[in-house]
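Asks: This structure is in structure tokens; I'll ask about it shortly.
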Amino acid sequence: MPTTVTKKTVSELAERVRSGGVDPRVEADAALALSDASAAAAWVLAGAVAGRPPEPDQVLRLLPDVPQSGLVMPLIRCANGDRLKLALDAVAEGRMPAEFDVLALLLATELLGGEPPPSRFVPLVKQASRRASRPVSELALAYTLCVCEANEKGRPLELAELPGADRIRGLARHALDEPLLDVIDTLPSGGLTMPARRAARRLGANEPCHCGSGKKYKRCCAGRDAQRNSDPSPVEGMTRGEYLRSCAAQMSPEDIRRLSVQEVVNLDFASLPTPSLVVVLDGFAQRSRWDVAEQVLDLLCARPDAAKVGQAARLQVASLAFAGGAQDFATRQLQRVDLDLLTEDDRWSAGVLLNLATPSAETLTRLDEAVLQCLRTADHEGVHVVSQLLLAKYPALGLMVGRSALTADQAHLSLLLLRAMEVRRAELGLPFDEADHAQLLAMLDKRIERTLERRSEESARELASEAEELRGRLSAAEARSAELAESLKRQERLLARPAVPVAPQPAPRDAGRDHETERRRLQAKVEDLKRLISEGNEERRRLRGSLEELAGKFADERDEDDPPAPEDDEREEPEDEAGGVAIFAPRGVLNLRLSEAVETAIQRLPLHVARKALATFASLAGGEPLAWQQTKRLQRFDNLCRVRVGIHYRALFETCGRDLVIHELVNRQGLDAALKRLASK
């Protein structure tokens with residue numbers, strides 16, 4: 001039996017069908033009886049390729065258990081009869097995972113062919129939208145609703161109306177229009193596969209049989225072993241059926257995920273380990289199989305070592321059932337939850353959910369108290385929980401509460417809530433409201449701005465720390481260079497010292513040789529010192545370059561906080577200027593005086609801006625006509641003038657006799673505040 005569905009497997013099976021040796025429908029039913037959905041799907045597709053398409057009831061039984069989501073569209077496409085009805089029946093049964101429902105509805109949308117949708121089509125789409133959790137699935141459902149609306153109005157759908165819809169539509173068109181084998185060739189992989197090991201020994205045909213009968217193997221147990229080996233399992237010596245019956249206690253969560261739904265149903269749940277039982281529960285809850293989920297929940301909660309896990313799982317399954325419309329099941333599970341074993345947050349959620357599942361005259365009062373508690377503690381997630389539950393039970397009230405729950409601090413929860421609100425609006429026949437979207441987008445924009453400001457400050461601190469480290473290394477390099485230079489001078493003085501005359505003594509035999517050796521050693525040491533000094537100078541140059549580069553980066557980081565403005569743009573300047581009239585340069589040189597505020601500002605500005613400011617002040621004090629032509633006198637002040645410093649900064653100054661007094665050096669956004677400060681003096 002094939003364990004995965006591939007183009008090669010389906011082609012080989014199709015050849016067997018064409019030769020007339022097998023009936024694909026019989027083989028598919030046999031595979032389903034053995035809980036092998038992959039083999040059943042391969043036989044169904046092989047029959048369709050060979051010209052013997054399956055009946056809708058067989059495909060309907062197969063769809064919930066296929067291991068690959070990509071098999072949903074090809075299986076519906078290849079069926080006999082009304083394929084649109086088959087797709088809607090599969091979704092209406094509620095046994096498929098949410099992703100399968102979306103794919104079936106997407107294919108049904110293309111099968112409409114421009115005709116108005118059946119009456120149950122749109123409700124099924126809205127039902128699937130409550131379970132959809134992936135952006136692609138939600139986009140596919142939104143596209144489906146747009147197609148239904150366009151078909152009802154008798155007009156073609158413009159794909160530009162829904163960004164990304166052309167890609168979604170292309171997925172369905174590919175599954176419908178391309179040859180079936182080509183579609184199978186592009187199917188996604190089916191996840192993990194089980195290792196297959198033989199269920200019987202492998203012996204030669206003429207060897208003695210392993211049963212001890214004394215006969216040759218081919219005349220004794222070969223036929224029975226071949227039948228057992230046709231159903232391998234992960235455990236050597238066992239068939240798959242024996243493995244499922246006897247090895248449940250050793251199955252890990254990964255082993256459970258490899259099994260089909262029918263195989264999991266036939267397991268002995270009581271013998272499964274607790275982590276594997278949790279995986280089983282999650283799988284049945286996602287498929288809305290509440291009867292089996294309740295059975296697994298009772299087993300899980302009865303285990304002493306998993307009591308808390310079981311109660312938390314009961315609350316989670318009840319929430320899924322409540323959102324999926326299974327009110328009776330959700331209420332029954334909530335009434336059985338042991339609140340003492342839950343965390344404080346879970347107890348709060350259970351109370352809110354129970355109030356909604358069993359409404360009374362006090363329900364709204366309790367909900368109001370719950371929401372008030374969330375607002376006091378800034379628990380945005382709690383407000384989202386209440387909003388989602390209200391949307392499921394009281395849609396109109398949920399829309400009002402949901403609008404107040406939108407926040408940028410919980411962006412992912414807010415987006416999910418916003419999509420749920422859109423679905424409820426459509427169900428209530430309310431028009432689309434852009435106010436909620438605009439509100440959330442404005443919040444997100446502000447959060448992004450705060451995040452960028454925080455990152456800019458962090459980056460500035462990192463650059464300042466790196467600059468301080470470079471300055472320390474530069475100081476150490478300069479000290480080392482000075483030390484090496486002093487050592488070099490001492491060695492050179494030692495070499496240049498004249499020989500001291502002494503009384504002639506009989507010279508040892510090796511005196512000349514020792515003197516020459518010492519001189520060579522000193523000369524080598526001098527050369528080594530020169531090399532070290534050269535390397536130190538190179539290191540100092542490199543550190544200075546790094547420091548200047550870092551200063552430029554720091555300046556760029558500081559300048560990014562200022563909005564860009566063209567040099568010649570005067571429209572955002574204060575209105576009290578003298579119409580752009582230049583001031584004539586005074587004769588002679590003025591004494592430059594900087595206020596304390598200006599001195600502080602220069603210390604804090606980026607290096608290149610501070611240099612520009614000082615150069616501008618020096619040009620004004622020196623009486624350069626070109627510099628004074630860039631100044632303007634302010635109307636509300638007798639002698640106060642303004643001059644540009646670069647693009648983003650302005651300086652306010654006045655002349656007092658032979659003194660040039662610089663009062664303010666501010667960013668252009670702070671110019672009004674600086675003028676008010678000067679006016680109050």
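Asks: Roughly speaking, to the nearest percent, how much of segment 1-69's 1.4 Å accessible area is carbon and sulfur?
Replies: Summing carbon and sulfur atoms, their accessible area is 51 percent of the total for segment 1-69.
Asks: Ok, one more. So how much slack lies between Leu375 and Glu599, counting 0.36 nm per residue of separation and subtracting their Cα-Cα distance, in nm?
Replies: Full extension from Leu375 to Glu599 adds 75.9 nm.
Asks: Report Lys8's accessible area, 1.4 Å probe, all protein chains in place, as a number in Å² to the nearest 10.
Replies: We get 150 Å² for Lys8.
Asks: Next question, about the same structure. Pop a pseudo-label 7 angstrom from the Cα along the beta-carbon direction at both Lys218 and Arg202 and give the gap in nm to one decimal.
Replies: Placing both labels 7 Å along Cα→Cβ, they lie 1.8 nm apart.
Asks: Quick check: with the 1.4 Å probe, what order do Tyr394, Tyr143 take by accessible area, largest first?
Replies: If we order Tyr394, Tyr143 from most to least accessible, we get Tyr394, Tyr143.
Asks: Tell me, what is the 1.4 Å probe accessible area of Trp290, in Å² to the nearest 10?
Replies: Rounded to the nearest 10, the figure is 40 Å².
Asks: Need one number for segment 222-294: average projected area of the convex hull over its C-alpha atoms, nm².
Replies: 5.1 nm²
Asks: Quick check: at a probe of 1.4 Å, how many percent of the accessible area of segment 591-681 sits on carbon and sulfur atoms?
Replies: 51 percent
Asks: Now for a separate question. Ratio to report: Rg/Rh of segment 308-361, with Cα atoms as the point set and Rh obtained by the Kirkwood method; give two decimals.
Replies: 0.94
Asks: Using a 1.4 angstrom probe on the protein heavy atoms only, could you order Glu93, Glu294 from most to least accessible area?
Replies: Accessible-area ranking of Glu93, Glu294, largest first: Glu93, Glu294.
Asks: Ranked from the most accessible area to the least, with a 1.4 Å probe and all protein chains present, what is the order of Lys216, Lys676, Lys632, Lys7?
Replies: Largest accessible area first, the list is Lys676, Lys216, Lys7, Lys632.
Asks: Considering only protein heavy atoms, what per residue accessible area in square angstrom results for segment 10-155 with a 1.4 angstrom probe?
Replies: Per residue, segment 10-155 has 38 Å² of solvent-accessible surface.
Asks: Could you compute how much accessible surface Lys218 exposes when probed at 1.4 Å, giving the result in Å² to the nearest 10?
Replies: 100 Å²
Asks: With a point put 7 Å past each Cα toward its Cβ, work out how far Gln295 is from Ser119 in nm, to one decimal.
Replies: 3.6 nm
Asks: Within straight cross-link reach of Lys530, meaning Cα distance under 25 Å, which lysines are found once same-chain residues fewer than 8 apart are removed?
Replies: Lys489
Asks: Would you please classify the overall shape of segment 38-129 from the alpha carbon gyration tensor, given that a ≥ b ≥ c denote the square roots of the eigenvalues, rounded means a/c under 1.5, and beyond that prolate means a/b larger than b/c while oblate covers the rest?
Replies: Because a/c hits 1.5 or more and a/b fails to exceed b/c, segment 38-129 counts as oblate.
Asks: Just to verify a number: FRET efficiency for Ser252 and Met400, C-beta to C-beta distance, R0 = 41 Å, to 0.05?
Replies: Once the sixth-power term is evaluated, E becomes 0.30.
The values are calculated or read from the model by the stated rules, or taken from the named source; none is laboratory data. Quick caveat, the model's predicted, so the values are computed rather than measured. Here Cβ is always computed from backbone atoms with ideal geometry, including for glycine, and neighbour counts include all displayed protein chains. Surface areas here come from the heavy atoms of the whole protein model, side chains and all, with no ligands, DNA or RNA. Shrake-Rupley method; radii C 1.70, N 1.55, O 1.52, S 1.80 Å.
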